[in-house]
Amino acid sequence: MPYSELLIKPMREDLTGLGIEETRSPEQVDAAINETKGTLMVVVNSVCGCAAGKARPGVALALRHSVHPDRSITVFAGADIAATERARSYFKGYPPSSPCIALLRDGRIVYMMERYQIEGRNAQEISHELTSAFDKYCQPQEQAAATSQSS
């Protein structure tokens, strides 16, 4: 049985308030993954304490970095059940985990931060890990704009 929307609304808003798009159906997940050129961050949100005190604040800090994914989406484990299952189907080689944060490039997973990597860290450490992944896998925004203008 899914979590009550009244309970999770503020938890959803922690991410949507950052501009991260909610994907609440398998079709929305597929569309986001298939339509995104470049990098896509997928945040599997959760009601657990490590999502509240570590993952969501870490994502918020990381998105302040000069380099970040071209697009970011979220699903909510325990609420958007079918959407979460669909998102996880793209995480080949990784067991289900919530919260977790994945980076996909052109629909293929290139980076994953699983729950066990979130639990023992604080928000700043998570942000540092994410920004390192952004630097490695995401094209700087100025370079992406220049590349698309020259095409």
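Quick notes on this one:
- Asn34 meets all of the listed conditions (1) more than 16 Å from Ala102 (Cβ to Cβ); (2) more than 15 Å from the chain's Cα centre (by Cα) but one, namely (1).
- Filtered residue count, the stretch 74-102, keeping only those that are within 23 Å of Glu125 (Cα to Cα) and touching a Leu at 6+ places or on another chain (Cβ under 7 Å): 2
- Subset of the stretch 12-31 that is of a type in the set (A, V, I, L, M, F, W, C) and surrounded by 18 or more Cβ atoms within 10 Å (Cβ to Cβ) - its residue that is farthest from the chain's Cα centre (by Cα): Val29
Listed here are the residues, each with its yes/no results for (1) modelled with pLDDT of 95 or more; (2) assigned to a loop (DSSP other than H, G, I, E, B); (3) aliphatic (A, V, I, L, M).
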{"residue": "Asp14", "(1), (2), (3)": "yes, no, no"}
{"residue": "Asn34", "(1), (2), (3)": "yes, no, no"}
{"residue": "Leu40", "(1), (2), (3)": "yes, no, yes"}
{"residue": "Ala52", "(1), (2), (3)": "no, no, yes"}
{"residue": "Gly58", "(1), (2), (3)": "yes, no, no"}
{"residue": "Thr74", "(1), (2), (3)": "yes, no, no"}
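- When the residues of the stretch 106-151 are filtered to those that are assigned to a loop (DSSP other than H, G, I, E, B) and closer than 14 Å to Arg71 by Cα, the one that is modelled with the lowest pLDDT is Pro140.
- Looking across the stretch 86-105, just one residue is part of a helix (DSSP H, G or I), touching a helix residue (DSSP H, G or I) at 6+ places or on another chain (Cβ under 8 Å) and surrounded by 20 or more Cβ atoms within 10 Å (Cβ to Cβ), and that is Ala87.
The values are calculated or read from the model by the stated rules, or taken from the named source; none is laboratory data. Everything numeric here is computed off the predicted structure, so don't read it as measured data. When we count neighbours, we look across all protein chains shown, and the Cβ atoms used for this are built from the backbone with ideal geometry, even at glycine.
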